[in-house]
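First up is the structure itself, then whatever we jot down about it.
Computed from the coordinates by the stated procedures, all read-outs in this text should not be read as laboratory data. Quantities reported herein were computed from a predicted structural model and do not represent experimental measurements. Counting neighbours? That spans all protein chains shown, and the Cβs are built from the backbone with ideal geometry, glycine included.
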Amino acid sequence: MKNFRFLLNEQFQAKEIAEDLQVQLEINRFNHVKVEAVEQRNEVLVQVPEANGSLEEAVESFMRNYQDGEMLE
């Protein structure tokens, strides 16, 4: 599994972005993805299965407009 941490711009709320991302992933039939909001640090954590390029691309594309930074763990 790969873990992504998306640090959000101050104007966005982690809980709302995490919920919207989860809906988007469900619409695109990406299962087995864990999306969690860390409201204290205003970040969204996303856990994706290894070697799934299209899923990673979908997550990064969605988060592009909301993030202030990204960390791969």
| Using the Karplus equation 6.51 cos²θ - 1.76 cosθ + 1.60 (θ = phi - 60°), what ³J(HN,Hα) coupling, rounded to whole Hz, does each residue of the stretch 10-19 give in order, writing x for Gly and Pro? | 4, 6, 10, 9, 4, 4, 5, 5, 4, 5
| task | Describe numerically, in nm with one decimal, the distance between label points set 7 Å from Cα along Cα→Cβ at Glu10 and at Ser54. | result | 4.0
| field | Amide hydrogen neighbours beyond the local backbone of Asp68, cut-off 5 Å, H modeled | value | Leu7, Leu8, Asn9
| If Lys and Arg each add +1 and Asp and Glu each add -1, what is the summed charge of the other residues whose beta carbon sits under 12 Å from the beta carbon of Ala37? | -2
| request: Can you tell me the 0 to 90 degree angle between the C-alpha axis of helix 53-63 and the longest principal axis of the chain, rounded to 10? | output: 20
| How large is ³J(HN,Hα) for each residue in the stretch 30-37, as worked out from phi by the Karplus curve 6.51 cos²θ - 1.76 cosθ + 1.60 (θ = phi - 60°), to whole Hz, x for Gly and Pro? | 8, 9, 6, 10, 9, 10, 9, 9
| query | Looking only at Cα atoms, what is the convex hull volume of the chain per residue, in Å³? | reply | 75
